[in-house]
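> Just passing along the structure, written as structure tokens.
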Amino acid sequence: MPPVFRFAPSPNGFLHLGHAYSALLNADLAKAGGGRLLLRIEDIDATRCRPDYEAAIYQDLAWLGIAWEPAVRRQSDHLDLYRDAVDRLAARGLVYPAFDSRAEIARLVAAKDEVAPWPRDPDGAPLYPGSGKHLDAEQRALLIASGVPYALRLDMEAACEIAGALTDELSWHELGHGPDGETGLVAAQPEAWGDVVIARKETSTSYHLSVVIDDALQGVTEVVRGADLFWSTSVHRLLQILLDLPAPVYRHHPLLRDAEGRKLSKSTGATGLRDLRAAGVSPEEVRRMVGLAAAA
């Protein structure tokens, strides 16, 4: 079977050179391996995703000369599938609602930091310290009935215990490199993320949950993405095992950075591909700018 790759941007801003590098790398690898390239629009964040951003994605990729197989998968069209997966995890006692607001969590962490440094996840965010895990069923039902917002969190300790009974080794195959040079068979460390959010009251999924479901349903065999998601793969492997989903191989690539050493991002105003195109930059020049050889 030919390998299957995917490029999966979020339509919450215009694509920049970092996206171009990842999209072109996926396309080059698919072509070199006689494989297929799919396009997925990760638009579960209804407050930030916009139709004009999605239209710009298609325009930018076409300008770069990237062709993908129809049809494009839009996550917002499949919320019921993600909800079903949450229900399956909840049926095994692995999901609980947490009602702490971001401000409440920040205050809790600040208070705990005064005693001793509170543990952080691989991205530097504090692990969830709230009390939601310890509420009983009646307390949870009352809070939900009263309309209090909540996040659905994965009971990481219980999830790792079940996963440990299902597999001898929680790991993934890495064809790229991690932040410290990790490659080959990498041991997953999902516990480093604490009780991650897998859905919210207003959104029936999260990035972690939807990405593993989509990769499985689309038959993706090679996930090529930025190194900032390297340790997120630990959570993805855990969910794949719990939901009995196949595991692709992973290839995490270096991030493009600006003059201050920050990764290129929409939030920091990285120059958009549409602006480069308007300035007369050619697709061939973009390939050189991101460090890729000329197209074969």
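The values are calculated or read from the model by the stated rules, or taken from the named source; none is laboratory data. A quick note: this is a predicted structure, and the numbers were derived from the prediction, not measured. We place every Cβ from the backbone using ideal geometry, glycine too, and count neighbours over all the protein chains shown.
> Among the strands (runs of 3 or more DSSP E) confined wholly to the range 29-117, which include 1 or more residues that are touching a residue at least 24 places away in the same chain (Cβ under 8 Å) and not assigned by TED's automatic domain parsing to the domain that holds V197?
Hits in the range 29-117: 36-41, 69-74.
> State all residues of the range 202-223 that are at pLDDT 95 or above and among the small types (G, A, S); if no residue qualifies, say none.
Those that are at pLDDT 95 or above and among the small types (G, A, S): S206, S210, A216, G219.
> Could you grab me the full set of residues in the range 13-59 that are within 20 Å of the chain's Cα centre (by Cα), within 26 Å of R288 (Cα to Cα) and among the polar types (S, T, N, Q)?
S22, N26
> Within the range 257-281, restricting attention to residues that are among the small types (G, A, S) and surrounded by 12 or more Cβ atoms within 10 Å (Cβ to Cβ), which residue is farthest from D228 (Cα to Cα)?
Ranking the qualifying residues of the range 257-281, first place goes to G272.
> Could I ask something else about it? Select from the range 146-188 the residues that are among the hydrophobic types (A, V, I, L, M, F, W, C), modelled with pLDDT of 95 or more and loosely packed, with under 11 Cβ neighbours inside 10 Å and list them in ascending order.
L185 - this is the single residue of the range 146-188 that is among the hydrophobic types (A, V, I, L, M, F, W, C), modelled with pLDDT of 95 or more and loosely packed, with under 11 Cβ neighbours inside 10 Å.
> For the range 124-131, indicate whether the set of residues that are farther than 30 Å from D244 by Cβ and hydroxyl-bearing (S, T, Y) is non-empty.
The answer is yes, given that some residue of the range 124-131 is farther than 30 Å from D244 by Cβ and hydroxyl-bearing (S, T, Y).
> Considering R92, R50, which residue is at pLDDT 95 or above and more than 24 Å from R274 (Cα to Cα)?
On the way: R50 fails: more than 24 Å from R274 (Cα to Cα).
Residue meeting the stated conditions: R92.
> Additional query: Any idea which of Y96, Y58, Y82 is within 20 Å of H19 (Cα to Cα) and among the hydroxyl-bearing types (S, T, Y)?
Checking each option against the conditions leaves just Y58.
> Looking at (1) assigned by TED's automatic domain parsing to the domain that holds Y21; (2) under 16 Å from the mean Cα position of the chain (by Cα), which is the one condition that is false for Y207?
Result: Y207 passes all but (1).
> Continuing with this model, one more query. When you check T271 against the structure, is it at pLDDT below 95 and of a type in the set (S, T, Y), yes or no?
yes
> For the range 144-154, how many residues are part of a helix (DSSP H, G or I) and farther than 26 Å from V235 by Cβ?
Within the range 144-154, residues that are part of a helix (DSSP H, G or I) and farther than 26 Å from V235 by Cβ number 1.
> If you check A199, A192, A151, A141, which single one turns out to be assigned by TED's automatic domain parsing to the domain that holds D228 and over 25 Å from L229 (Cβ atoms)?
A141
> In the range 1-51, which residue that is more than 30 Å from E202 (Cβ to Cβ) and among the aromatic types (F, W, Y) is surrounded by the most Cβ atoms within 10 Å (Cβ to Cβ)?
Restricting to residues being more than 30 Å from E202 (Cβ to Cβ) and among the aromatic types (F, W, Y), the top hit is F5.
> Scan L217, L264, L273, L238 and give me the residue that is touching a helix residue (DSSP H, G or I) at 6+ places or on another chain (Cβ under 6 Å) and assigned by TED's automatic domain parsing to the domain that holds P119.
Answer to the check: L238.
> Contact list please: Cβ distance under 9 Å, first residue in the range 235-263 and within 28 Å of L217 (Cβ to Cβ) and in contact (Cβ under 8 Å) with a residue 12 or more places away in the chain, second residue part of a loop (DSSP other than H, G, I, E, B) and hydroxyl-bearing (S, T, Y), pairs at least six apart or on different chains.
I241/T167; P246/T221; P248/T221; V249/T221
> Among residues belonging to the range 118-138 that are free of Cβ contacts under 8 Å to residues at least 12 places away in the same chain and either outside the structural domain of S234 (by TED's automatic domain parsing) or outside any loop (DSSP other than H, G, I, E, B) (or both), point out the one that is farthest from L229 (Cα to Cα).
E138
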